[in-house]
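S.K.: Encoded as structure tokens, here's the structure I'll be asking about.
None of the figures in this text is laboratory data; all of them are computed from the coordinates on show. Everything numeric in this text was worked out from a predicted model, so none of it was measured. Note: ideal-geometry Cβ built from the backbone for every residue, glycine included; neighbour counts use all protein chains shown.
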Amino acid sequence: MIDVVIVGAGPVGLACAVRARREGLESVVFDKGAIVNSLVGYPANMEFFSTPELIEIGGHPFPTTGYKPVREEAIEYYRRVAETEELTLRLYEAVRRVDGEKGAFRVVTEKGILEARHVVIAIGFFDYPNLMEVPGEDLPKVTHYYKEPYPYAGQQVAVVGARNSAAKAALDCYRHGAAVTLIVRAPALSEKIKYWIKPDLENRIKEGSITALYDTSVEEITETSVVVRTSGARREIENDWVIAMTGYHPDYTFLEGLGIDIGRDLHCTPVYDERSFETSRPGIYIAGTVCGGYLTSRWFIENGRFHARQIMSHIATGSTADLDLEERHWKTAE
């Protein structure tokens with residue numbers, strides 16, 4: 001009987017496993033993919049907005065070559081933390097369901113069954129894109145993930161979205177030889193685009209290097225074009241590739257299958273205690289970005305890592321730990 005099963009080997013899931021050790025609890029971490037699988041899916045050489053000390057876990061220093069870490073450094077950092085802490089990881093093993101009750105759960109995976117007293121769900125959201133739900137979205141030319149610009153050199157590329165991911169993809173593809181059309185559903189670019197990216201994109205649009213269509217939605221995607229509705233008119237644009245940066249959401253089918261209640265608020269937020277992070281199903285906790293539902297910007301590595309301390313304290317002692325100064329800062333910032 002394991003004390004805690006953690007579903008999700010991202011930074012927050014690993015933070016939970018590290019904290020479990022600090023509390024004298026035995027844990028096993030499952031993930032249907034690689035360790036920090038979401039970071040593996042990020043664009044190559046992507047720079048984090050946060051400085052390294054803000055995304056450290058377990059008190060392990062995060063060495064970087066620059067002021068801010070890049071994707072490759074983060075992947076290696078979290079791998080080394082897991083190795084140093086001797087965490088038990090079962091990668092490429094998806095959890096199918098959780099039977100039983102608090103103190104006597106049976107965690108059923110695609111490879112077997114493990115008994116556990118408590119379960120923590122730290123699955124994030126990156127594996128489930130928000131679909132445009134238009135004809136042709138399933139064509140091979142369409143992707144909801146952007147990795148690098150090189151396949152798009154000399155191609156007609158439509159980038160869908162108005163925030164950071166879309167902005168970076170549009171600029172990157174343009175600078176590596178693609179003809180880029182940015183399709184924005186809103187009347188303007190998002191004000192949440194990072195301050196060093198937004199002026200660059202605005203200037204490229206102003207000079208005509210990138211074509212921007214505002215108040216525009218995609219209606220259909222064909223092998224050779226993208227059909228949009230812009231300014232009330234239907235328009236067909238020649239196209240080779242579509243990069244749809246339309247955001248992501250948690251796996252609600254999995255959450256509901258676990259018996260976790262989902263709120264009826266605008267963001268479909270899972271129901272949980274705000275101090276212990278225990279859900280409506282006793283003994284099952286949630287941690288990290290999944291706590292925000294569709295509001296995926298509420299929780300991230302910087303503040304989601306603090307969930308580990310609250311959850312493991314509650315499991316070990318039945319009460320939650322007091323928030324430290326850094327945690328209070330994040331609660332205030334919310």
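S.K.: Any chance you could check the Cα centroid distance between the stretch 270-298 and the stretch 157-214 for me, in angstrom?
M.R.: 33 Å
S.K.: I would also like to ask the following. Calculate how many DSSP beta bridges within the stretch 142-244 are antiparallel, expressed in % of all such bridges and rounded to the nearest 5.
M.R.: Of all bridge pairs located within the stretch 142-244, approximately 45 percent are antiparallel.
S.K.: Can you say what percent of the DSSP beta bridges in the chain, counting only those with both residues inside, are antiparallel? Round to 5.
M.R.: Counting DSSP beta bridges with both partners in the chain, the antiparallel share is about 50 percent.
S.K.: Mind jotting down the distance between the C-alpha centroids of the stretch 234-250 and the stretch 97-122, whole Å?
M.R.: 39 Å
S.K.: Calculated from DSSP H runs of 4 or more alone, at -39500 (n - 2.57) each and per residue, what is the 222 nm mean residue ellipticity of the chain, nearest 500?
M.R.: -7000 deg cm²/dmol
S.K.: In debye, nearest 20, what is the charge dipole magnitude of the stretch 142-244 about its Cα centre with +1 on Lys and Arg Cβ and -1 on Asp and Glu Cβ, if you could check?
M.R.: The dipole magnitude comes to about 420 debye.
S.K.: Okay, next question. How many nm separate the modelled label positions at R97 and M1, each set 7 Å beyond the Cα in the direction of the Cβ?
M.R.: Result for the modelled spin labels: 2.3 nm.
S.K.: Rounded to the nearest 0.05, what FRET efficiency is calculated for H60 and E207 with R0 set to 45 Å and r the Cβ-Cβ distance?
M.R.: After rounding to 0.05, the efficiency reads 0.50.
S.K.: If packing is taken as the average number of other Cβ atoms within 10 Å across a peptide's residues, how do 166-175, 72-81 rank, most packed first?
M.R.: Highest to lowest by the protection proxy: 166-175, 72-81.
S.K.: How would you classify the stretch 142-244 from its alpha-carbon gyration tensor, with a ≥ b ≥ c the square roots of the eigenvalues: rounded for a/c under 1.5, else prolate if a/b is greater than b/c, otherwise oblate?
M.R.: Taking the square roots of the gyration eigenvalues as a ≥ b ≥ c, the stretch 142-244 is oblate.
S.K.: Turning to a different aspect of this structure: Within 10 Å, count the other beta carbons around each residue, average over each peptide in 203-214, 308-319, 284-295, and list them highest first.
M.R.: The densest-packed peptide leads the list: 284-295, 308-319, 203-214.
S.K.: Under a crude label model (7 Å from the Cα following the beta-carbon direction), how far is E137 from A233 in nanometres?
M.R.: That separation, rounded to one decimal, is 2.7 nm.
S.K.: What does the charge add up to near A316, with Lys and Arg as +1, Asp and Glu as -1, over the other residues with Cβ less than 12 Å from its Cβ?
M.R.: With Lys, Arg at +1 and Asp, Glu at -1, the neighbours total +2.
S.K.: Around E115, under 11 Å between beta carbons, what's the net of Lys plus Arg minus Asp minus Glu among the other residues?
M.R.: Result for the local shell: 0.
S.K.: For K102, list the aspartates and glutamates whose Cα falls under 20 Å from its own Cα; do not include residues on the same chain fewer than 8 positions away.
M.R.: Straight-line reach from K102, under 20 Å: D3, E23, E26, E115, E256, D261, D273, E274, E278.
S.K.: Here is the link list: K111/K141; K168/K206; K68/K198; K111/K168. Which ones come out longer than 27 Å on Cα distance?
M.R.: Beyond 27 Å between Cα atoms: K111/K141; K111/K168.
S.K.: Of L213, A178, A233, which is farthest towards the positive pole of the stretch 142-244's charge dipole, taken about the Cα centre with +1 and -1 on the beta-carbons of Lys, Arg and Asp, Glu respectively?
M.R.: Projecting each Cα onto the dipole axis, the largest value belongs to L213.
S.K.: While we're here: How do the peptides 4-14, 182-192 rank, highest first, by the average count of neighbouring beta carbon atoms within 10 Å per residue?
M.R.: Ranked from most to least packed, the peptides come out as 4-14, 182-192.
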